[in-house]
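Notes for the one structure printed next.
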Amino acid sequence: MEYPKKIDQILIELDRLEVHLNQANISFAEKDDMLEAVRNEMIDLLVMAWKDGDRAVRRSAIYGLSKMGMGKSIEIFIQALEDWDEQIRVWAAEGLSQSGDARSILPLIKTLGDDNHYVCFSAACALKRFDQSNVVPSLIRALTDRQVRIRRRACKLLGEMGVEEAYEGLINALRDEDADV
């Protein structure tokens with residue numbers, strides 16, 4: 001059984017439900033309450049699957065949560081950034097990238113130190129989607145992190161962003177003990 005396809009189908013059905021509710025003769029508040037209740041039940045089910053399922057189910061659960069784009073999932077995604085499964089960490093970064101929630105920035109910067117290059121790439125891509133005024137100061141502070149991988153990747157990100165505010169930090173990073181920084 002292909003869990004991601006099933007989850008995609010559930011999300012399509014949720015969209016169809018929303019269309020039908022829009023056409024129904026019910027108040028806006030009633031429609032929103034009904035949709036919110038269904039979404040909350042789906043989130044609870046996906047969180048349980050992430051915590052208790054086998055590898056395929058856990059991956060699919062985080063994938064589903066990332067596609068829902070729900071603010072309630074932010075804490076789950078932050079926890080999932082430290083999951084033993086690299087694919088779950090990738091989907092968690094993707095979910096956080098869609099949130100726009102500033103609480104995600106520091107955990108994503110910490111994830112720049114991950115051993116897995118795909119996880120780091122996902123975290124870097126996620127950070128690029130946030131408002132630079134929220135991300136840049138934290139990345140500048142990361143230039144002095146004790147983890148060399150975080151310093152390296154913070155330099156790369158700041159260089160790609162090309163913001164003047166980062167120049168001083170990047171110039172100081174030229175004196176880093178690690179030549180790759």
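The values are calculated or read from the model by the stated rules, or taken from the named source; none is laboratory data. Just so we're clear, the structure is a prediction, and the values are computed from it rather than from any experiment. Glycine gets a Cβ as well: all are built from the backbone with ideal geometry, and neighbour counts include every protein chain shown. All accessible areas refer to the heavy atoms of the entire protein, side chains included, with ligands and DNA or RNA removed. Shrake-Rupley method; radii C 1.70, N 1.55, O 1.52, S 1.80 Å.
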In order through the range 85-92: 3J(HN,Hα) via Karplus (6.51 cos²θ - 1.76 cosθ + 1.60), integer Hz, x for Gly, Pro: 8, 5, 5, 5, 5, 5, 5, 5
Three-way shape call for the range 113-181 based on the alpha-carbon gyration tensor, with the a/c threshold at 1.5: oblate
ASP15-LYS72 FRET efficiency (beta carbon distance; Förster radius 22 Å; 0.05 resolution): 0.75
Average projection area in nm² (convex hull over Cα atoms of the chain, one quarter of hull surface): 11.9 nm²
Most positive-pole-ward Cα, ALA93, ILE74, VAL119, against dipole of the range 45-120 from beta carbon charges: ILE74
Lysines with Cα under 21 Å of LYS128, excluding same-chain neighbours fewer than 8 positions away: LYS67, LYS110, LYS156
Accessible surface ranking that places the most exposed of LYS31, LYS128 first, with a 1.4 angstrom probe: LYS128, LYS31
Percent carbon-and-sulfur accessible area, the chain, ignoring ligands, DNA and RNA, probe 1.4 Å: 52 percent
Exposed GluC sites (Glu not before Pro) absent - longest run of the chain, DSSP non-H/G/I/E/B, at most 12 other C-beta within 10 Å: 3-176
Gaussian network model of the chain, springs between alpha carbon atoms under 10 Å - residue of SER27, SER122, SER60 with greatest fluctuation: SER27
For the chain, built as a Gaussian network whose Cα springs stay under 10 Å, the top-fluctuating residue of GLN132, GLN98, GLN23: GLN23
The chain, accessible area per residue, ligands and nucleic acids excluded (1.4 Å, Å²): 58 Å²
Surface accessible to a 1.4 Å probe, MET68 within the full protein complex, Å²: 30 Å²
GNM top mover of GLY162, GLY53, GLY100 - the chain, alpha-carbon springs below 10 Å: GLY162
